[in-house]
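The values are calculated or read from the model by the stated rules, or taken from the named source; none is laboratory data. Not measured: the values here are computed from a predicted model. All Cβ positions, glycine included, derive from the backbone under ideal geometry; neighbour counts span all protein chains shown.
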Amino acid sequence: MNCKECRDLLSEYCDGALDVDGARAIKAHLKKCPACRDQQKLLEAMEATARTLPRHEPGTECLLNTLAAIHKNAGFARRTEFGPVLDFQELAEFLRVDLETAGKYLDEIPSFELGGKLLFRRSSVEAWIVSKETGFRLQRWEAQPYETSDITNRIFISA
């Protein structure tokens, strides 16, 4: 073992966190290397000094600021389960894009209106995704009642 390898693992050695072979290799190196022994003594002295320092509990404001920073940077959990009909917000989540990006494709994505609300059948959106992947274009059905819940039976794909 050389000095760089020893110094890289010296902290773990002092903490007793190395496996038997690693600890044995460091111990052998320390026996023959005064510079690494000095480094070990320095680490042990710092650890002993740190143990004598008083422990302070963080204040409420510190904890709240820390939690706020964590939540701000963590992002939001993405949904993985969606029902058969999606509203616009759920469409964006389903496509894993922001609302603005989803809005750019509103003319392409099959949709219907119910009670003044724009809705999307999940199966139609999935068929639209396949059409985007394969380069085909979906033809819309205008004012056609659906007799089956399997929307893919009603979608024509044209080249």
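So is Ser131 touching a strand residue (DSSP E or B) at 6+ places or on another chain (Cβ under 8 Å), polar (S, T, N, Q) and touching a residue at least 12 places away in the same chain (Cβ under 8 Å) or not? Judged against the criteria, Ser131 is a match. Give just the number: which of (1) at pLDDT 90 or above; (2) surrounded by fewer than 10 Cβ atoms within 10 Å (Cβ to Cβ) does His56 not satisfy? Among (1) at pLDDT 90 or above; (2) surrounded by fewer than 10 Cβ atoms within 10 Å (Cβ to Cβ), the lone unmet condition for His56 is (1).
The sole residue among Ala25, Ala92 that is at pLDDT 90 or above, in contact with an Asp or Glu (Cβ under 9 Å, 6 or more places away or on another chain) and in the same structural domain as Arg121 (by TED's automatic domain parsing) is Ala92.
Only a single criterion out of (1) β-branched (Val, Ile, Thr); (2) over 27 Å from Val130 (Cβ atoms); (3) assigned by TED's automatic domain parsing to the domain that holds Val130 is not satisfied by Val20, namely (3).
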